[in-house]
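K.L.:
One structure coming up, written as structure tokens, with questions to follow.
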Amino acid sequence: MSDSTGHAPSRQVIWKFAALLALAVGYFLYLGLTYDFATGGVAVALTWSFFVLCTPVADAGFLLDFPLRLLFGIRMVVSELAVWALAIVVNLVTLLLAPEYYQTTLLTRIFAEILLTPWPYWGVILLSGIGTFLSVRFGDELMDVMHHRDRNFFHSNHFKHELVLVAFFVMVLIGYYHLIASLGLEGAL
């Protein structure tokens, strides 16, 4: 397999993707056997959407971002927009049609509290969005550099711009941590 640049992904990236996929499948099987497979499927989708919407890096989105970049050359920033849209739709549908699924696990109960309490909990989603898109944008840039699209990256003003983005990302992470700590959620997870 290769991406649109003709370069094959590293083994480490493929292993990370396979491990993440295996974890999702294992979690689905566990919840399906604990409850039933419909409940397990919805709980896995809600858990995935929690990691999309409430963590400041593109961890859950990697399940879609990586194959889309690899197979079709779609930049991860673009695919992450689709990931966020899908996560939002999953939650809107579940909140409207079957909110009882949020009571399945501790994580989904916390997620329901975040979704249903705009102030201050939506700050977690806002900071997560900022952090995610900064990290994905930086990841796209690094992939371009690794594929020699921009050989002068580290000697250009563009690199300085990326350093500012990294510094901003670190500030977002610090703000995210303080918001989570103020909500008392860090011990619950």
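The values are calculated or read from the model by the stated rules, or taken from the named source; none is laboratory data. All figures in this text were calculated on a predicted structure; none of them were measured in a lab. Please note: Cβ atoms are built from the backbone with ideal geometry, for glycine as well, and neighbour counts cover all protein chains shown. Side chains included, ligands, DNA and RNA excluded: accessible areas come from the protein's heavy atoms. Shrake-Rupley method; radii C 1.70, N 1.55, O 1.52, S 1.80 Å.
K.L.:
Condition first: among the polar types (S, T, N, Q) and part of a helix (DSSP H, G or I). Now tell me which residues in segment 82-120 satisfy that. Spell out how you get there, then give the answer.
P.N.:
We begin by selecting, within segment 82-120, every residue among the polar types (S, T, N, Q); these are 91, 94, 103-105, 108, 117.
Asn91, Thr94, Gln103, Thr108 - these are the residues of segment 82-120 that are among the polar types (S, T, N, Q) and part of a helix (DSSP H, G or I).
K.L.:
Of Gly26, Gly123, which residue is part of a helix (DSSP H, G or I) and either within 19 Å of Val172 (Cβ to Cβ) or in contact (Cβ under 8 Å) with a residue 24 or more places away in the chain (or both)?
P.N.:
On the way: Gly26 fails: either within 19 Å of Val172 (Cβ to Cβ) or in contact (Cβ under 8 Å) with a residue 24 or more places away in the chain (or both).
Selected residue: Gly123, the only one of Gly26, Gly123 that is part of a helix (DSSP H, G or I) and either within 19 Å of Val172 (Cβ to Cβ) or in contact (Cβ under 8 Å) with a residue 24 or more places away in the chain (or both).
K.L.:
With the checklist (1) surrounded by fewer than 14 Cβ atoms within 10 Å (Cβ to Cβ); (2) at pLDDT 80 or above in hand, flag the one item Ser10 doesn't pass.
P.N.:
Tallying (1) surrounded by fewer than 14 Cβ atoms within 10 Å (Cβ to Cβ); (2) at pLDDT 80 or above, Ser10 fails exactly one: (2).
K.L.:
Turning to a different aspect of this structure: Return the residues of segment 36-48 that are crowded, with 16+ Cβ neighbours inside 10 Å and over 18 Å from the mean Cα position of the chain (by Cα); say none if nothing qualifies. Walk me through it before giving the result.
P.N.:
If we filter segment 36-48 for residues that are crowded, with 16+ Cβ neighbours inside 10 Å, which is where we start, we get 39-40, 42-48.
Within segment 36-48, Thr39, Gly40 qualify.
K.L.:
Taking segment 56-113 on its own, how many of its residues are polar (S, T, N, Q) and free of Cβ contacts under 8 Å to residues at least 40 places away in the same chain?
P.N.:
Result for segment 56-113: 2.
K.L.:
Could you list all residues from segment 49-83 that are open to solvent by 40 Å² or more (accessible area, probe 1.4 Å) and either more than 18 Å from Leu107 (Cα to Cα) or at pLDDT 75 or above (or both)?
P.N.:
Phe51, Val57, Leu64, Leu68, Leu71, Phe72, Ile74, Arg75, Val77, Val78, Leu81, Ala82
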